[in-house]
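Notes to accompany the following structure.
The values are calculated or read from the model by the stated rules, or taken from the named source; none is laboratory data. Computed from a predicted model, the values in this text were never measured in an experiment. Glycine also receives a Cβ, built like all others from the backbone with ideal geometry; neighbour counts cover every protein chain displayed.
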Amino acid sequence: MLRNSSVSSSLPVAAAAAKVLEANWTGTATVPSRGLYPHQWSWDSAFIAIGLRHISALRARRELETLLAAQWGDGRVPHIVFNPGVPAGAYFPGPAFWRSSTAGATAGAPGGAETSGIVQPPVHALAAWLVHRADPVGSWRAGFLPRIYPRLLAWHRYLREERDLGGHGLAASLHPWEPGMDNSPCWDAPLARVIPAPADSFRRADLSHGAGADRPTDLDYGRYVALATAYRDRGYADTPSLKSPAHPFAVEDPGSNALFAASEHALAEIALALGADPQPHLRRAARITRALAGRLWSAADGLFLVRDLRADALVPQLSAAGLLPLAVPGLQPALAAALARTATGPHFAAGSGLIPSYDLTSPAFSPTRYWRGPAWFNVNWLLERGLRLHGYADRADALRAAAVRTAYATGFAEYADPHTGDPRGSRDFSWTAALTLDLLT
Ligand code: 9WN
């Protein structure tokens, strides 16, 4: 049931969303979109499982377990798990680029699956807990939590011990694809240090599926490829090689770390359900939350900023990633209040009612180009949840209504123009459909 309804009935919306998830299901997992992203993506699968649980908790569990089956020996959950049935060249960079089973052998890449070697934000424990709660009986029968908990522990250990490059309790991202917001203006300055791979050394596949003006530029891609190549050629080793200035891109992202903290809270719930001690998880969640406030908070801007570890300075760009700590249960009420104000203030209040990915007032804002302004449904879902969690029910209701309305009207677009709500990127996008279903239920 739609709690705040500006859509006359939630039934056609739910049916259409379910149809998208059905069409994008491969038998073991869900592709983000049939044309543009024909493999399994890490944080997509977590968001997809959160919606899928309303249709089939069994499939939602399968979605997460398929992803975690490709986890590396060092605990990392790769950002892409490649489907061997998909033709080479359908997505770039594909398995021939990442070469995980050989280049990642020392880091424990699986032998039986090809994956990428970088990671995405850790939304998985939160998704696992929500999926369990949707069907506790089926989940216990299937042994879901006992099987998945050790994998989630290893994943969080990897982030805590191998990725704390700054040494203050936050996980660092070493590639713009890791925080999931590829061409955010937050990366412009840190990325400027990267010498791009020559344009003729690779062939983009994304431009056959989407409008070039809605996607990152060729120069961005040259830098993405150069960074990933260097990491691969060092055997995907993290410390100490990433601590060295030889790897020019290392940032602390407030969005990824907010999800890390929220997922530690979910791990505490999972531990309790399993009869284990939740306290270590609560302590870790509190440590991440303190580090977010201590290292990334900008009182002057009323939101969290990215820290560029190479420059050891905050990046003065206001992006929606800086609002995501609203989704952390233990966030100080004063910070939550400031975030709620910023989210509805001049930098982020857009005509569609959705929160854009980037500051509307900045010259770098674009309503169409990917993570430089368009509104994304996973970000809006997280902010809806955060506003509700911290007691801003009216604003959460308004955001929920805008998200459901726009998702349906755009044919479950990948992202939308934040002013007009017009669709951008691909259609029938899985997390848009899944999170719409979740908002409806
Ligand atoms: C690179 C799959 C992914 C999302 C990311 C989004 C986009 C990939 C790309 O698509 O990134 O990982 O090729 O552009 O930025 O958030 O997980 O939907």
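So here's what we get for this one:
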item	result
Residue check for Gly104: more than 16 Å from the ligand (Cβ to nearest atom), more than 28 Å from Lys19 (Cα to Cα) and at pLDDT below 95	no
Scope the stretch 425-441; condition within 16 Å of the ligand (Cβ to nearest atom) and surrounded by fewer than 24 Cβ atoms within 10 Å (Cβ to Cβ); matching residues	Gly425, Ser426, Arg427, Asp428
Test: residue in the stretch 322-332 that is surrounded by fewer than 22 Cβ atoms within 10 Å (Cβ to Cβ) and free of Cβ contacts under 8 Å to residues at least 24 places away in the same chain	no
Scope the stretch 167-190; condition in a loop (DSSP other than H, G, I, E, B), away from the ligand (no atom under 16 Å from the Cβ) and surrounded by fewer than 22 Cβ atoms within 10 Å (Cβ to Cβ); matching residues	Gly167, His168, Gly169
Identity of the residue in the stretch 51-60, farther than 17 Å from Glu414 by Cβ and surrounded by 24 or more Cβ atoms within 10 Å (Cβ to Cβ), that ends up nearest to the ligand (Cβ to nearest atom)	Leu52
The one condition in (1) under 27 Å from Tyr224 (Cα atoms); (2) touching a helix residue (DSSP H, G or I) at 6+ places or on another chain (Cβ under 7 Å); (3) part of a helix (DSSP H, G or I) that His247 fails to fulfil	(3)
Residue within the stretch 81-100 that is within 16 Å of the ligand (Cβ to nearest atom), crowded, with 17+ Cβ neighbours inside 10 Å and under 17 Å from the mean Cα position of the chain (by Cα) present	yes
Test: residue in the stretch 248-269 that is in contact (Cβ under 8 Å) with a residue 40 or more places away in the chain and among the β-branched types (Val, Ile, Thr)	yes
Pair list, Cβ < 7 Å and 6+ apart or interchain, from the stretch 27-49 residues that are free of Cβ contacts under 8 Å to residues at least 12 places away in the same chain and under 17 Å from Val77 (Cβ atoms) to residues that are within 9 Å of the ligand (Cβ to nearest atom) and assigned to a strand (DSSP E or B)	none
In the stretch 191-219, residue nearest to Ala88 (Cα to Cα) [restricted to those that are of a type in the set (D, E, K, R) and either away from the ligand (no atom under 13 Å from the Cβ) or without any contact (Cβ under 8 Å) to a residue 40 or more places away in the chain (or both)]	Arg203
Residue match in the stretch 18-34 (condition: surrounded by 22 or more Cβ atoms within 10 Å (Cβ to Cβ), under 18 Å from Ile148 (Cα atoms), within 13 Å of the ligand (Cβ to nearest atom) and of a type outside the set (Gly, Ala, Ser))	no
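So that you can scan it fast, the table gives a plain yes or no per residue for (1) out of contact with any Asp or Glu (no Cβ under 7 Å at 6 or more places or on another chain); (2) under 20 Å from Ala172 (Cβ atoms); (3) at pLDDT 95 or above; (4) not in a loop (DSSP other than H, G, I, E, B):
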{"position": "Asn257", "(1), (2), (3), (4)": "yes, yes, yes, yes"}
{"position": "Ala285", "(1), (2), (3), (4)": "no, yes, yes, yes"}
{"position": "Arg310", "(1), (2), (3), (4)": "yes, yes, no, no"}
{"position": "Gly322", "(1), (2), (3), (4)": "yes, yes, yes, yes"}
